[in-house]
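Student: Dumping the structure here so I can ask a few things about it.
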4 protein chains.
Amino acid sequence: MIVVMRIDCSQDEISRVANRIEDAGLKAYIPHGIGHIVVVGVVGQPVPGLRDALESLPGVEQVIPVSKPYKLASREFHPQDTIVDLDGVAVGGDEIVVMAGPCAVESEDQLFTTAQAVQAAGATVLRGGAYKPRTSPYEFRGLGEVGLRLLAQVGDETQMPVVTEVMAVEDIDLVAQYADILQIGSRNMQNYVLLDEVGRTRKPVLLKRGMACNVQEWLLAAEYLLVQGNEQVILCERGIRTFENYARNTMDINAIPIVQKLSHLPIIADPSHATGKWYLVPPLALAAVAAGADGLLIEVHPDPDLALADGPQSLTFDNFRLLMSQLRPLAEARNRKLAIPRARVKP
Amino acid sequence: MIVVMRIDCSQDEISRVANRIEDAGLKAYIPHGIGHIVVVGVVGQPVPGLRDALESLPGVEQVIPVSKPYKLASREFHPQDTIVDLDGVAVGGDEIVVMAGPCAVESEDQLFTTAQAVQAAGATVLRGGAYKPRTSPYEFRGLGEVGLRLLAQVGDETQMPVVTEVMAVEDIDLVAQYADILQIGSRNMQNYVLLDEVGRTRKPVLLKRGMACNVQEWLLAAEYLLVQGNEQVILCERGIRTFENYARNTMDINAIPIVQKLSHLPIIADPSHATGKWYLVPPLALAAVAAGADGLLIEVHPDPDLALADGPQSLTFDNFRLLMSQLRPLAEARNRKLAIPRARVKP
Amino acid sequence: MIVVMRIDCSQDEISRVANRIEDAGLKAYIPHGIGHIVVVGVVGQPVPGLRDALESLPGVEQVIPVSKPYKLASREFHPQDTIVDLDGVAVGGDEIVVMAGPCAVESEDQLFTTAQAVQAAGATVLRGGAYKPRTSPYEFRGLGEVGLRLLAQVGDETQMPVVTEVMAVEDIDLVAQYADILQIGSRNMQNYVLLDEVGRTRKPVLLKRGMACNVQEWLLAAEYLLVQGNEQVILCERGIRTFENYARNTMDINAIPIVQKLSHLPIIADPSHATGKWYLVPPLALAAVAAGADGLLIEVHPDPDLALADGPQSLTFDNFRLLMSQLRPLAEARNRKLAIPRARVKP
Amino acid sequence: MIVVMRIDCSQDEISRVANRIEDAGLKAYIPHGIGHIVVVGVVGQPVPGLRDALESLPGVEQVIPVSKPYKLASREFHPQDTIVDLDGVAVGGDEIVVMAGPCAVESEDQLFTTAQAVQAAGATVLRGGAYKPRTSPYEFRGLGEVGLRLLAQVGDETQMPVVTEVMAVEDIDLVAQYADILQIGSRNMQNYVLLDEVGRTRKPVLLKRGMACNVQEWLLAAEYLLVQGNEQVILCERGIRTFENYARNTMDINAIPIVQKLSHLPIIADPSHATGKWYLVPPLALAAVAAGADGLLIEVHPDPDLALADGPQSLTFDNFRLLMSQLRPLAEARNRKLAIPRARVKP
């Protein structure tokens, strides 16, 4: 940490800063001044709250953190890529993993036909929502446990691992009983109570980026999971909020290589939520993989105009097949290949 | 709801739209076309999901909702202002209510001296955090129940109602036992499970705006509370996320008159979180009241550089007194007055 | 400037950084390392381009500028407030200066009745556009020189200084002949060719903030004017672009005290463009003055629904009078008063 | 255009709206009401200013434009793709056109070696700035006419068309004399005087997106060029301003398929300015082409740490070669191929 003092600070103010640093058990290092500005370097392990404290002292111009506030999520701490294993499907390795399915589980028939269709086209993980966060209290909020049971059943029948969102601490055990991956949604990325408790499970987690959170806050949310001992974290970029409102959100493709530079965690992309319009999903899906994403999360529905949620962003079976046929050569051009659907080895 | 068809839509596509509307129990109204564009009007109560469904149909250019998606929170439904009564302190009436105190409860001494100081300067509600949502898992997260007890005790001693944040469904009963107002923080504004459950209590709620949520989403979050029967909702603007990063957030003063036009709920402002810098707090506090805010939420600390959280944005006692001395004539210039600290009438 | 090296940088990389600094005529100062990180301090006057160069060198983690990139606009360089004198109306002193008039000059009658009405209500400067930047090429783009002549004529008749926008270098002489203040619009805040040339005039300048520019970029645009010798610069906050789209822009009230801390230049606010809706103009105008603005720029039209530009954000005469009656006590509550319309002393 | 009246509007207010529409020479169409809301349809060619006028009338809730505000730029008006021909290099057809070169022209040697290197690696157009818009007045602003001459000379020697920015109306003739493509920079996208005049030339134009402009405003800026008769417009996405500040801007990849849906104009991407960091350029370049971009604009410098502008975002020759070797198979996977450097046929 570097403390930059005001040009006109007094010797007393410098001493007060230095004392505060030493009170915190760290070492203050005061060079003779860089230009007209006195810089105080702080040596030692980060102390929570110290930055704020120093910023509040008189004479201080700014406090610049040099080390990153996350540790377990950082590539410095853990240089090699993390690979999350989903019963034989590996996320974060050479293969591109496509997770697909309906926004919300609506019925056995809807889920089963969708699962078969996406698997036949090359998807390796089945997605589907049983608990849906909805902006309005009047919208469909999911089938709850009935939906979870359908997911587990169809996952078994098709031998696909299943990913579904968990919205509440009290649902974690139930969801974990049925699902292979616990998804934390965008609106809950900073629900720290939920992060703590999901971090205490040993289930793989899909952590969506909050729609107004920067990459550092996202990695700090991952840190909440990691610090509880859950190392199987997959990040998912799903669009951020900007002034441009033609599409629902702006897919932040920059974030893909940024995350890969800063962290060892695998990252996938969700072009369905990032755009909100089905015809934008294929180009954005291809772009994400071209930029280095380890996989995709895609909404597919047998009949989007009858969907109970997010119909306008869902691909039909035909459009999903078309996307997969474009994705295959593109992945190869990036020296990767699509993960192959395979029989799961359940413990 | 108005459905605008593409210029080149077919008669079949129009019929399919009309049928879907009538299947939903509504009436489709197809005028002869406005310009080259066919417009389909939809008459009747909103049907959840219908907008998405229509948008997914072929031939549809756009679907324009005409009625607002929230109802109980709207001024159309409830024209007169809601006044939330806090044991004698009324929020949303003629008086400006100032809620002040430390970001986090740290000790009895810290809380009690702060409460006395802010009350002497004119604050009427005591704020203080016992559960703190922190971006990093390594920061101080609050004293928990110990903090709640201190809040209740100091609130009793000073006869001030107490506001504090509740972060988790499982803490609601406990927090409600000690606090007079349940605060829902910015990061939890779209934690719908929490909104549902807080809506089931009969405690006044302070609903902070999500830092990337627009006014409509904020009013929809209030709708979650109202629909559960809790009508004592106070909105709190606390800054939104923008490209400008000199201050922590950009206080959206526009939102104050916008909310007052759209909704009957009282609205206060939190310039401490909106700016993150103590020297910006007074001008923004005054601006919020000038724009029509019903109150303020201000962080005050006996010694900001020793604060365990958010020191740089906390006012000292002296600075808080100075702000209050500026606020009084300003409130009068707007034909309002500061609420007077008074003995609470506990039931 | 502080250069932070990567943890794993080599001695060679450090030397290369130091050499580059010394090649630029500055002094590199290398303490023994702060934590595990080597910091190189750079002592001496800023050298253009050096930051970019250092950032491009291997082994460099980040380069942190410590001194501000603007100088003439900074309060450090020029501690006392700048007061811009407009023939007897002083902007930046104790008085609040209200500039009002139609968005676009449409006719002598429209301009003259508006000027009389706003002056009677307390405005001291007349605004009106003769050259209008319009998002669409099909909209009304102003009367050009005819409009300028009307402005000068009505300014003379009412003894009000006149502010109007200049959009092109080739129009500067003409506009300067008729106007008392040259306005640089939001879309041209980074039109550096225009800034250079307006900086070469000796007319007061009203520099609007670019709608996506941060405060630092805004002060750098002012620096372009100042460095050419024009010291009569008034800044004008007019709303920034954010995700919230109920109003046209988000008025950044934070920016008012931020600018006053960083710079000596006066700052006024334009709530008409910041909101785009007439009913939001009065609360935002009051908020801006409460936050410390030195004046306001307000659109007023005799018949907003007949306006050739920006009708929805224009106040009627009655609404403007009402605003002024609210503004007067509010200014006094902030220990300021409205500037009094007075006879100009033309040289 | 659809005018939605307030639920409680009077018959008089409806008549006033209808009269205003008919005064403008259009036809008002009033169905019996859709729900409780009266809708007034407006039939006929758009009338500038009418929307604002109607929005200002009493009783009006909102005015919804149904037709797009741009015409010549729209795909409805011009369904087939526009292909811009640059002396044998076609932008907007099957081929991917890579434009590369230094940010700023610094010397003959710098430009010539860079041109040779990028051409050898597969670039077909040479970029280089002679007039540089710089945020600070103290930075290097380009060699001006000397730079233009060097560009033309090196373009001739290497047989590459040349693209360079024009910042001022008075420079257009000069720049047009030397350059093959006139670039309008991000900061000038809404400099309408410049757009008018560049539209009057018959040179191909590269129109960069304003960093805070939405797609509609961008297409309206293109409309300014098209309406003057210049049909050779290439759009260039270069990142937008968001709250995320790890990279300089957020590349809006969504915009690529959105533009292709709304407009017939070719679109390329500039990952150098969109990211500001050289190591993010390759993944974003690949992503843009995967999403359907017709080309790329890439900054390359023989020695980025010696660059006079934008060194941190410039690729070295080696890194550019590596990118091109990744781009080739990726373009093929999207059924496109890289344009082949070829001898120009100058008229």
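The numbers here are math on the coordinates, done by the rules we state, and not lab data. This one's a predicted model, so the numbers in the text were calculated from it and none came from an experiment. All Cβ positions, glycine included, derive from the backbone under ideal geometry; neighbour counts span all protein chains shown.
Student: Roughly how many debye, to the nearest 20, is the charge dipole of the stretch C:84-338 about its Cα centre, given +1 on each Lys and Arg Cβ, -1 on each Asp and Glu Cβ, and no other charges?
Tutor: On the way: 21 positive and 32 negative charges, 143 e Å.
Value, rounded to 20: 680 debye.
Student: Relative to the first principal axis of the alpha-carbon coordinates of chain B, what is the inclination of helix B:145-158, with its axis defined by its Cα atoms, in degrees from 0 to 90 and to the nearest 10?
Tutor: For helix B:145-158, the angle is close to 70 degrees.
Student: Whose amide H sits under 5 Å from the amide H of D:LEU315, counting only residues 5 or more places off or on another chain, with H placed in the peptide plane?
Tutor: For D:LEU315, whose amide H was placed from the backbone, the distant partners under 5 Å are D:GLU299, D:VAL300, D:HIS301.
Student: Averaged across orientations, what area in nm² does the convex hull of the alpha carbons in the stretch D:2-64 project? Mind dumping the intermediate values first?
Tutor: Values: hull surface 14.7 nm².
Here the figure is 3.7 nm², rounded to one decimal.
Student: May I pose another question? How big is the Rg/Rh ratio for chain A, C-alpha atoms only, Rh by Kirkwood, two decimals? Show your work: numbers first, answer last.
Tutor: Numbers: Rg = 23.1 Å, Rh = 21.6 Å.
Result: Rg/Rh = 1.07.
Student: Between chains D and C there is a rotation axis; tell me the chain D residue with the nearest beta carbon and how many whole Å away it sits.
Tutor: D:ALA212, 1
Student: Nm distances between the label at B:ARG200 and the same-position labels in the remaining copies, 7 Å along Cα→Cβ, shortest first?
Tutor: For B:ARG200, the other copies' label points sit at 2.1, 7.2, 7.4 nm, shortest first.
Student: Quick query: amide H of B:LEU206 versus all other amide H atoms, modeled in the peptide plane; which residues come in under 5 Å with a sequence gap of 5 or more or a different chain?
Tutor: Amide H to amide H, under 5 Å and 5 or more residues apart or across chains, B:LEU206 pairs with B:LEU182, B:GLN183, B:ILE184, B:ILE234.
Student: Quick one: what do you get for the stretch D:177-322 if you divide its Cα Rg by 2.2 N^0.38 Å? Let's see the in-between values first.
Tutor: On the way: Rg = 15.2 Å, N = 146, 2.2 N^0.38 = 14.6 Å.
With N residues counted in the stretch D:177-322, Rg over 2.2 N^0.38 Å equals 1.04.
Student: How large is ³J(HN,Hα) for each residue in the stretch C:311-322, as worked out from phi by the Karplus curve 6.51 cos²θ - 1.76 cosθ + 1.60 (θ = phi - 60°), to whole Hz, x for Gly and Pro?
Tutor: x, x, 9, 8, 7, 6, 4, 4, 5, 5, 4, 4
Student: Along Cα-to-Cβ, 7 Å out, sits the label point; list in nm, shortest first, how far the one on A:ASP318 is from those in the other copies.
Tutor: 5.1, 5.9, 7.5
Student: Here's a follow-up. Given an 8 Å cut-off on Cα distances and at least 6 residues of separation, report the relative contact order of chain D as a percent. Show your work: numbers first, answer last.
Tutor: Working: 734 pairs, mean separation 62.4, N = 347.
About 18 percent, as a whole number.
Student: Could you derive backbone 3J(HN,Hα) for the stretch D:217-226 from the dihedral phi with the Karplus parameters 6.51, -1.76 and 1.60 (θ = phi - 60°), listing whole Hz in sequence and x where the residue is Gly or Pro?
Tutor: Those phi angles translate into 5, 5, 5, 5, 5, 4, 4, 4, 5, 5 Hz.
Student: Now a separate question. Over chain A, with a Gaussian network built from C-alpha contacts below 10 Å, which listed residue (A:PRO271, A:PRO257, A:PRO102) shows the highest mean-square fluctuation?
Tutor: Comparing A:PRO271, A:PRO257, A:PRO102 in the GNM, the peak value goes to A:PRO257.
Student: Per-residue ellipticity at 222 nm for chain D, helices alone: DSSP H runs ≥ 4 residues times -39500 (n - 2.57), over residue total, nearest 500 deg cm²/dmol? Could you put the intermediate results ahead of the total?
Tutor: Working: 11 runs with 116 residues, N = 347.
The helix-only estimate for chain D comes to -10000 deg cm²/dmol at 222 nm.
Student: I would also like to ask the following. Once you've got the GNM for chain B with C-alpha springs shorter than 10 Å, pick whichever of B:LEU280, B:LEU151, B:LEU194 has the biggest mean-square fluctuation.
Tutor: Looking only at B:LEU280, B:LEU151, B:LEU194, the largest GNM fluctuation is found for B:LEU280.
Student: If you find the alpha carbon centre of the stretch C:214-264 and of the stretch C:163-209, how far apart are they in angstrom?
Tutor: Value for the Cα centre distance between the two parts: 16 Å.
Student: If amide H atoms are built 1.01 Å from N in the plane of the peptide, which residues on other chains or at least 5 residues away come under 5 Å of the amide H of D:LEU296?
Tutor: D:VAL97, D:VAL98, D:MET99, D:ALA269
Student: Can you work out ³J(HN,Hα) from phi for every residue in the stretch A:203-208, in order, using Karplus 6.51 cos²θ - 1.76 cosθ + 1.60 and θ = phi - 60°, giving whole Hz and x for Gly and Pro?
Tutor: 8, x, 10, 9, 9, 6
Student: I'd like the antiparallel share, as a percent to the nearest 5, of DSSP beta bridges with both residues in the stretch B:84-338. Please report the intermediate quantities before stating the final value.
Tutor: Details: 4 of 31 bridges.
Here the antiparallel bridges make up roughly 15 percent for the stretch B:84-338.
Student: Which pairs, out of B:LYS337/C:LYS277; B:LYS27/B:LYS261; B:LYS68/C:LYS277; D:LYS71/D:LYS208; C:LYS132/C:LYS337, put more than 22 Å between their alpha-carbon atoms?
Tutor: On the way: B:LYS337/C:LYS277 28 Å; B:LYS27/B:LYS261 30 Å; B:LYS68/C:LYS277 19 Å; D:LYS71/D:LYS208 19 Å; C:LYS132/C:LYS337 32 Å.
Violating the 22 Å Cα-Cα cut-off are B:LYS337/C:LYS277; B:LYS27/B:LYS261; C:LYS132/C:LYS337.
Student: How big is the protein assembly as shown by Rg and Dmax over its Cα atoms, in Å?
Tutor: Rg then Dmax for the protein assembly as shown, in Å: 30.7, 93.
Student: Looking at D:ALA115, D:VAL163, D:CYS236, which one has the Cα that reaches farthest to the positive end of the dipole of chain D (charges on Cβ: Lys, Arg +1; Asp, Glu -1)?
Tutor: D:CYS236
Student: Between C:PRO65 and the same site in the other copies, what are the distances in nm, shortest first, taking label points 7 Å from Cα along the C-beta direction?
Tutor: Label-point distances to the other copies, shortest first: 2.4, 3.7, 4.3 nm.
Student: Which residue, chosen from A:SER56, A:GLN11, A:PRO69, occupies the Cα position most advanced towards the positive end of the dipole of the stretch A:2-99, where the dipole is computed from +1 (Lys, Arg) and -1 (Asp, Glu) charges on Cβ about the Cα centre?
Tutor: A:GLN11
Student: Once you have the Cα-Cα distance between C:GLN153 and C:PHE112, take 0.36 nm times their residue separation minus that, and quote the gain in nm to one decimal. Each step should come with its number before you reach the end.
Tutor: Details: separation 41, 0.36 × 41 = 14.76 nm, distance 0.92 nm.
Net length gain for the segment: 13.8 nm.
Student: Which residue fluctuates most in the GNM of chain A (Cα springs below 10 Å): A:GLU197, A:GLU299, A:GLU231?
Tutor: A:GLU197
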